[in-house]
Structure formats: structure tokens, C-alpha cells
Amino acid sequence: MIVKMEPDELITFRVQYLLDSDPLSATTAFPIPVRAPTYAFATTMPLATQLGTILRLLNAPQSIDDAAIQVYKDGDFGAYLDLESSLAEQTEEIEGLQASRKNSLVVRTQLSVRVHAIIEKLLSSEGSDLRRALFSLKQVFQEDKDLVHAFVALGGLNCLVRVGNCADQNYQNYILRALGQVMLYVDGMNGVMKHQPTMEWLYSLIASNYRSVVKTALKLLLVFVEYAESNCYVLVSAIHAVDAAQGTLPWANIMRLLKDYDNADAELVIYATSLINKTLAGLTDQDSFYDESDLLEQQGMETVIQRYMSKPGTDLDLLDQLQLYEAVLKFEDGESDGQRLPQNSLRKTQRCRPGSGTTERRKSRRHSTDNSPAPLTKVLPTTVLRMTPTQATLDEDDSSGSTNSTEFGSGIFQDKKPRDSAGVTPGLRRRRERAERHKSFLKEQEEAAANGIFAARELRESYDLEDKEMLMQLKRDHTVKDLTQKLCNLPTSPTQEVPGSRAIVGDMSGLISKAKEGLAKSKSKGEISRSSSVDQELKKAEPKKSENELHWEELVRNMTRPLNLCDLDFTDLHSDDEKDVLAPRGLGAGIPPPPPPQAGGMVMPPPMMPPSLAPPPMFSYGGYGAGSLTNSVNSSLNGSINGELANGNNTIKKNKKTVKLFWKEVREDMIPQVIGKTIWDELPNANVDTQKLEHLFESRAKDLMTKKQQELNKSKEIIVLDHKRSNAINIAITKLPPPRAIKAAILKMDATVVTREGIDKLLNMLPTDEERGKIQEAQLSNPELPLGSAEQFLLTLASITELGARLKLWAFRLDFDNCEREIAEPLMDLKQGIEILRQNRTFRSILSTLLSVGIFLNGAPVKGFQIEYLAKVPEVKDTVHKHSLLHHLCHMVMESSSDTSDLYSEIGPITRASKADFADLAHNLTQLESECKASWDRLKLIAKHDCAPPLKQKLVDFLADCAERIISLQIVHRRVMNRYRKFLLWLGMPQHSVSESRPNEFCRTLSEFALEYRTTRERVQQQLEKKANHRERNKTRGKLIIDMAKFKTKEDVADAELKQLLGTPSADQADGTLTWRRRRAEQLRSPIARQSEEQFTDGDDEILESLVKTATKASGNRTTPRERKRTRHADRKSLRRTLKNGLTDEEKQHVSALIQTY
């Protein structure tokens, strides 16, 4: 039964906690208190916000940063709940939890915290503390099946190997017992398979002087190679690595054990030979088989076999393993003479050999007698590097071995084929044709309107040319440096004279007087006709202009410097960007402004409107006709909107009343003809599921409130902090990103989101535990009221673990300040941001999808909406799951356009521009100009004193360079702002709004929306990944490897079938143990020896023992002979067969020919 929850429902569960902060010294594994209290959970509120209240209710010792919630049902611990999600999103995990009074939600320490506590204790403890910790480690893994997976994933195996390398034999025994418990779980075995250092350590323990250590290591290695054939390659690679580091041949440790004839332990020798046979049997290609068998033969394997087989009283199991090795070697050499392999052999056919152009085949080292192969070097053979098979399969259930098969069976060798691109449909072709016709129609309108504009512009430019020719007479040959030098040399008082300065002063004064006389003369003669307003402005301005201002105007007119500022390239800003799109253009939107007056004072009438240019309609859709949807809308919404419009009405038929989006519509009459097409005419088609939208955003009666109630709720907020603290936080958060995005930014240390100043503000606003507790209690007691902005911000900061340490570390990485860059970089960011948004595919997909959603929810088609509505998208929530519209928008965009991005990472310039105040930027630019002009006067004062000529020249050059830089900044600022206004008109913003728009506010709206979109998109992706990982985790969670059919004998299978027939539980289901037969060697052992070894034996040791016996005694489970890949040599045989049989005459000729070539 699945728990069904309403959006605002409270659900009650019993809550308990565990004392598990120190897993190695946990006193109890049962939750406390025994009489569990109840707690009413808010179904739609994240569990993280309710965790603090639960901890205080239980008086639990866990801290809120280290706590987790686990399901406890039917006496067993279940899944861990996601604290970032609500209970409504995890209904499958809490299914049936209310069926019994013994079920509860248990607060305990997080898995990662417990694993790090175990690792830290193992690495830091010594003596008796380390012995107790290692001894209890196996029991900890037995009691908590989830801990094994976390232990393997978080580096626990590295810790065990590190401690085991430095420990004595007692500690090594404890570690091997714990490692055996880890390998009993499928998750643990999968982790060991991927961790080669563990295999290297186990192989190195075979050389130990202590029998119990060697025995346990051999048992674990046998279980490892028996689990999957691909593990044989992992073991071979580990053997080569260990022996190469020691400077010995591979398999040296095992061969040393087999050659210890005087002190040989029959059981250890049986395990060693079984390991050799199991490993060789798992090698699927003949080259790998012969490489390893030749290494064994080179170290005297044949002598070892003869010694044991000729020794009287040899154990029968050992004889079976030795005979098996001999039989397999003969069989691979093709000399078995039809003899059948023993029943416990896994391979009954020759191994696969690679194709060869000759009829020869490779044989073993033993097969040759005259010319043995050259001694192998004590390095890792190159063949080991390619031992991993490409098609290894595991003889086990698909549910438990899927990860192994994908690890060894696929990977980099499989090529991915690109997906075929979809063809052009007839409907899409028709829509493109209609769009082209509409585009050509708009182009004709623009050309018709531009004819009158260009005529008036040419007339004005002819008048401006005469002004320029007159003003250029001021001083045409002077450069910036010359003018600056002359200004600096002017005397500050009439009584003070400098030698040689009189001519310069006279020259400058003559230039100024000539300019004034020229201006007065040209005005009296009427050479330049100006309006009365312009004449009055000139009369007022002329007397107030100083010499510095006149020189500045001269520099502006003579400016030819490229627009490169602070290594930023602004050269793509042309003279076209000087045109102000908001300048008055006449009576109508499509009528050009009148030309300037002629010399005689007559004013030319405005040009007539072209006959084909009709006034724009009051309500239309981009040329497709009133009363119908646009082409993009008609092709969206999965075709469900087509044909649903009422007769003559611009409404969409819906079965349910839905939530409306209160946006401002973009209309055709808002857009000037100079802009032409807007972004709404170029959006791609977006498909949305109207039925799903109708269900998610259904307008519910209980959610409707009167206007009076809404006003009352707006005025009510949960205020916990004192007035002074609240005001300080509210002032600080105005300079910070939204609280929903700050957490992700701090966790990622994203400097593009929080600046250096913002980090200092956050450090001053760290919430205390008392403040966090008060806010959470107030929120739970009044869930219907929103938190105050300061309280919500502190609650968001409180959910970040180790906030102070993160911010201090982050602040260490950041610091920078430059006056010129403070002006140039925001302008470059704004310019680049505009270019990015014009071409960004994700931005267009988001707008198109949101437009389609809004058209359906509002029930009326529109051309577009104002971009400022993007700030309200996260606030619109559905009435079912209380997810925001942005949450569903992310789903729709990801499903319809898989190649889209998170948008925020692509609009970095917009984000940076949102943090700059462009009003202050313009003020700072003016201040720079004033400071530069004032510096000229300061340089004059400096020149009167004893100033070295080199320093003076450097100052002159510096000021001249500064003047050019400031002029370049002014040009860039003017052109970027004009380009920004054109961009706003392209977005469909009305002209009156464009003139009032501030770039930083506009960029902040887009940046915050993009940040919200990225945060929500990552959360959606994380939820999908969590669900997928949870499904994969449930396949192997708590599953023992003894459940695999490979480790069950025929007796076990028959016993299980009989018990299933009788209706009684099987032995492995009851206690997890397997029945096994006693061996003859066990009977021969003395009772005292058996008693000494059974001191550390428990149920799981019996499982391990049974698995070892199954691996060594079980008969082959292959019904059909297996065909191995053939060797790269034509007729390869074992080393023993090669040495005995010698070379044929043909082979001898071939070898002699090879020797002659050298």
C-alpha cells in the first residue's frame, strides 16, 4: 500500500535514535527510547528543515550536520531518507511504516561520518585499542549491511591494507576476518574487484610465516577467483605486480609454499594448488594460460608434482588437484589422447587461439626438450597488460553481476554510432516558407521607411560637414602630446615668465582668438544656420569654456586611437552604434523625423508614407492574421491546441481551470519598424504536454483566497530575530544572490556567484544554534506563514555544514581591485552578454517552452511576454506537488532539447554585469575626466618647481595616455549603451521602458533566473540519479554471495528443492549457512588442533568455510565444453610438453633461419 499524501497534509510517525557516533564501540543496535514518541511531519517540507526539531524532541546526541534518518520496519533497518527531499517525494520508502507500532524513523549518524570515524580510529589507534577496534570490525559489518557499501566507496579498503602491512599476525587475522565479511556482500566483492591493492596484499600474505594468516589469505583468494572468471585476470595482475616489486618471478610465493616439503601443511598445499587450477581455468585465452603455466613450469612445477605424487600418504584431495593440473596441461597441448578431464575441471576443450597464417601452434614450455625458451626477465610481462578479456561473462545471476559484466565486458572498445538526424517534415517545410514570406514582407517595409530617413540624414550630414571644416581650423597639426606640453608650460601668473615660453603662449592664444573670431564671423554671415535653441545653448556655453575644455574638445575631434581598453577589444563597435534608437523620429512609429531647417529658414515637409505601408493593427500576430495563433504556437503543445480555439475567440479550450501567469504581453505596436523581427519571431518550436500541465497547475478551490485574505497574509511574516540583527541582515542580502542559490554557490565555492565582499558579509551573518532552533520551531508551529527575509536567509545558511570554514577558505582565494577595469569590464560583459543571449539556444528553448506553457494556462494566445516575468517563474507552484513552475520547466526543456545547458554557465558576462552599477560607472567615468583635466593644472604647478626633465616627460606621456584612454572609455560606454537599448527593443520591451531600464537590474533578472534554473536543473538531475542509484542499490543490498548458484552443491540444491516442496524455509534463508560434507583430512586432524582453530569461528566463518570447500570440491557446472581463444602461435603447448617432445626438423630449420638473420 503506497502512502497517498495531499499537498498540505501532516503525517505522523514514531521517531527514535541510535547511539552510533562511534561504530566500533556501539553499545546497542536497537533504537531508543523503547517507547517511541510520535512526530507530525509536513509532507511537502524538506526533512532537513524538520530535523532540528526531531533532535530536540528525542534529545539525541547527533549534531544536525551529521544526522541522517533511516527507516526501521519489521525489526530491520531499511533505506536512508533523502534529507533534501520531502516525504511526499519518498512515498515508496515509507510504505507500510504505519502498519506496526514497532516501526519508526530512526535518527542516526550519517554513513560517511561513521566510515570516517572507523578509518580515523584504525589509523590513529595503537596497542590494545587497535586490537579491540579490529576485533569488533567484523561484527560491525555483520550488523550494518549498508556500512559495507559506504566503507568500500570511501576508501576503507586502503585503510585495511595500510594497517595490515604494518601489523603483526594477530592483527592481520582480525583484518582478514573483517575483509572476509566484506567479501560476503556483493557490494563488498564488487569493491574488492576494483581495488587491486587488496589483491596484492592478500597474495603477499602467502609468504607469511604464520599458518593461520596464509590459510585465511588462500581462502579469500579462492572465494575471489570463484566468484567471477574475470577476477582471475585481476589476481594475475596483482601477482605480477607484487613479484616484480620483490624482484622475483611471478607465482614465487605459491611455489615457495609448495616446495617446502619438510614443513608442508597438506591443507595449505591443497588450497595453493586449488588456487592455481582455479586461476588457470579462468583464463579464457590460450596465450594467457601458457604465459602463466610456463612461469610455473620454469620454477619447477613438474618436479613439485612428481615429488608429491610419489610421496606415500599424500592427501587424496591434493592428488586430485595435481592430476587436474597435469590433465589440463596435456589437454591444452593437444596430447590428452582422448582422455576425459576430471569432473571438477571447469574447462573441457582447448582454449581459444587467435587466427594465424601458419599451421603451427604454440605449446607449453614442458613440451620442448632441445631448446627451452629464454629465461623470463623479472619484470611485469606485457601480456598482463592486455589480460582483461573483452567478452568476460559471469556465471551468476544478472541481478547481482551486472556491474562486473559491464566492467570487464564492455568499455572503450565499443564505438558509439551517432544518431541520425530527423528529416524535414512537410509541415515544417510549409512553416519555413511562411516565415520566409513574412521576412521578405518586413524587409520591404523597412526599405520603404528607410528611404525617407536616409534622405533626411544626408541633408543633416552636409550641414555637419561645414561645421567640422570651420572648427578644424583651430589647430589641425597639433597632437595630444604637443597640446599637453604647451598647456603644461603656460605660466601661472602674469609676472612670472619662462624663457622661450612667450612664443608658445602667443601661439596658443592666437589659435584661441582665431577660433573665436572665425566662429563669430561665420555666425554673422549666416554660413551655418541653427535653430534658436541651439544658438542660445552656444551663447551660454561659449563664455564658460576654459582652455582645458577647448583642448579636450580638440582631442575628441582628433581621436583616432583604436578602441582597446585593458586588453579588452571594443573595435567591433562601429559608428552605427552611435545612433540612439530612442531618439525622436517624428509623428509615427514608421514615419521618419523631419530634416533640419535649410539655410533660408524653410523647413522641408516630412516624406510621404509609402502606399504599401499601412498603420500597424492594434492586435495581430506577426503577420499571420488576427484571431489565430502564431506558427510556433500552432506547432507546439503536441498539437493539442490546434482546433481548440473557440469560434472567433482567442481562448483555448481546457477541461479544468488552471493557474494563470500574470505577465505583460509583447504586442506588435510596441516594436518599432527599425528593429524588424524580435526574438519572439525567431523562437524554436516547443512541445509541452497539455494534459500534464492541466493536472499540475489545476486551480483548486481550497487554494483560492479572497483579496482581503491575501493582503492579510502578505503583511504577516514569522519574525524571530531582534530588530537590529534583522535590519543588518536585510541590508546585507541586497548585495547577495538569492538564498536558494547561495547554498550551492558556497558548497561549490563559485566566485561568479558570491564576490569577495559578499564572503565578508556572510562571515558577519553566521547563524547561531539558538537562532536556528528558534526559526525552525517558529516555522513548524506556523507552517502557513512565510518566514521573514532575514530568517529565511539564516535558515538557508544554517543548512550548510561547516559554513565558517568554507567561507574562510574561500576568502583566502579571492582579492582584486582596479579603477580602469571597474569601468571597462562591465561594459565588455554587457556587450558580450548581449551577443551570447542573441545566439544562445538554451535561452531560446526556455522562452519558447515558457511561452507555450503560459499560453495554455492563460487560455489565450500572445506573441510573447516581458522578460521581467522570468523573476516570477520560481514563485509559481503547482497545486499537486507544490513544485515550482521552474521545476517543471527544467523537466520540459531537458526532455524536448537534450542538448541544452544549464544557461548560467554560458552567460557569465551577464552575471558579472549584474553586479556593476552602471549609474555609478557613468559617474566614475565623468570623475575620471575631471581628474584628468585637473591633473593638467597640477602638472603645471609641478613644472614650476625643480622637476627633473625625465620625470616631467613621463608625467606628460602618462597624462596624454590617460586622456586617450578616458576618451576611448567614453566612446565605448556610449556605443555599448546604445547597443543595449537595441537589444531591449529586440526583446519586445516598450520604448518608454527601455529609457528607464538599468542594465544592472536587467542583467540581475536574467542572472538570477539562470542561477535558479541551474540550481533547479541540478536538483532534477540529482533526483533522477538518486532514483537510478537507489534502484541499482536495491539489487545487491544485503545480498550474500552464497545466494549465487555457483556456490551451491548438488546436495544443497536438492535439499532446498525438498524443503520448498514441504513448505519449510531453507537453511540458507534461515541462518545463512550451507551444509557441507566432512573431508578425510578433517577427520585425521587431532581434536586439540581443531579446538584451537575454532576459537574465532562463528556463523559467518562457517559460511566462508563452506564456500572454500564448494570451490575446491564442487564438480564442474559446465554442461557444454568451453572453447577458448587460440594462442597467437599456431601450435602452442605447455612448457613441460615442449621440453619433453623437442623440436621437429621443420621447426629446427625455422629456428636456424631466425638465428642467421641476427
Original post:
Hey, with R₀ at 41 Å, roughly what FRET efficiency would Thr12 and Lys653 work out to, going by the Cβ-Cβ distance, to 0.05?
Top reply: 0.45
Original post:
Quick one: with all protein chains in place, what share of the accessible area of the range 134-212 is carbon or sulfur, to the nearest percent (1.4 Å probe)?
Top reply: 46
**OP:** Return, ordered by residue number, the residues of the range 955-983 whose backbone nitrogen is under 18 Å from a label point located 7 Å along Cα→Cβ of Glu820.
**Re:** 955-974
Subject >> Distance between modelled label sites at Tyr210 and Ser1152, nm, 7 Å Cα→Cβ extension >> reply: 6.1
**OP:** Decide, for the range 119-215, between rounded, prolate and oblate: order the square roots of the alpha carbon gyration tensor eigenvalues as a ≥ b ≥ c, take rounded if a/c falls under 1.5, and otherwise choose prolate if a/b is larger than b/c, else oblate.
**Re:** oblate
Original post:
What number comes out for the charge environment of Leu857, summing +1 per Lys or Arg and -1 per Asp or Glu over other residues with Cβ under 11 Å away?
Top reply: +1
Original post:
Of the cross-linked pairs Lys73/Lys872; Lys677/Lys872; Lys1039/Lys1109; Lys145/Lys219; Lys915/Lys982; Lys660/Lys982, which ones have a Cα-Cα span greater than 32 Å in the structure shown?
Top reply: Lys73/Lys872
Subject >> Spacing of the two label points (7 Å from each Cα toward its C-beta) at His574 and Asp957, in nm >> reply: 3.6
**OP:** Would you work out if the range 794-923 is rounded, prolate or oblate? Take a ≥ b ≥ c from the square roots of the eigenvalues of the alpha-carbon gyration tensor; rounded if a/c is under 1.5, else prolate when a/b is larger than b/c, oblate otherwise.
**Re:** oblate
Subject >> Neighbourhood net charge (10 Å Cβ-Cβ; Lys/Arg +1, Asp/Glu -1) for Tyr261 >> reply: +1
**OP:** For the range 282-327, give the percent of accessible area contributed by carbon and sulfur heavy atoms, probe 1.4 Å, rounded to a whole number.
**Re:** 51
Original post:
Separation of the range 149-222 and the range 10-54 by C-alpha centroid, Å?
Top reply: 35
Original post:
In whole percent, how big is the carbon plus sulfur part of the accessible area of the range 809-911, probe 1.4 Å, protein atoms only?
Top reply: 48
Subject >> Nitroxide proxy distance, nm - points 7 Å out along Cα→Cβ at Asp260 and Glu326 >> reply: 2.6
Subject >> Accessible surface, per residue, of the range 958-1032 when the full set of protein chains is kept, probe 1.4 Å, Å² >> reply: 42
Original post:
So between Asn1034 and Gln196, what do we pick up on full extension, going 0.36 nm a residue minus the alpha carbon distance?
Top reply: 299.1 nm
Original post:
By how many nm would the segment from Ile719 to Thr38 lengthen if fully extended, with 0.36 nm per residue of separation less the alpha-carbon distance?
Top reply: 242.4 nm
**OP:** Rounded to the nearest 0.05, what FRET efficiency do Ser124 and Gln866 give with R0 = 60 Å and r taken as the Cβ-Cβ distance? Could you check?
**Re:** 0.45
Subject >> Local electrostatic count at Glu791 - Lys and Arg +1, Asp and Glu -1, tallied over other residues with Cβ under 11 Å >> reply: +1
**OP:** Would you mind getting the accessible area per residue of the range 1-110, heavy atoms of the protein chains only, 1.4 Å probe, in Å²?
**Re:** 48
**OP:** Find, to one decimal place in angstroms, the Kirkwood hydrodynamic radius of the range 275-330, where the mean of 1/r is taken over every pair of different Cα atoms and then inverted.
**Re:** 11.9
Original post:
With r defined as the distance between the Cβ atoms of Gln306 and Leu1143 and R0 fixed at 22 Å, what FRET efficiency is calculated, to the nearest 0.05?
Top reply: 0.40
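The values are calculated or read from the model by the stated rules, or taken from the named source; none is laboratory data. Note that the coordinates shown come from a computational prediction; the quantities given were computed from them, not determined experimentally. Here Cβ is always computed from backbone atoms with ideal geometry, including for glycine, and neighbour counts include all displayed protein chains. Just so you know, the surface numbers come from the protein's heavy atoms only, side chains and all, with ligands and any DNA or RNA stripped out. Shrake-Rupley method; radii C 1.70, N 1.55, O 1.52, S 1.80 Å.
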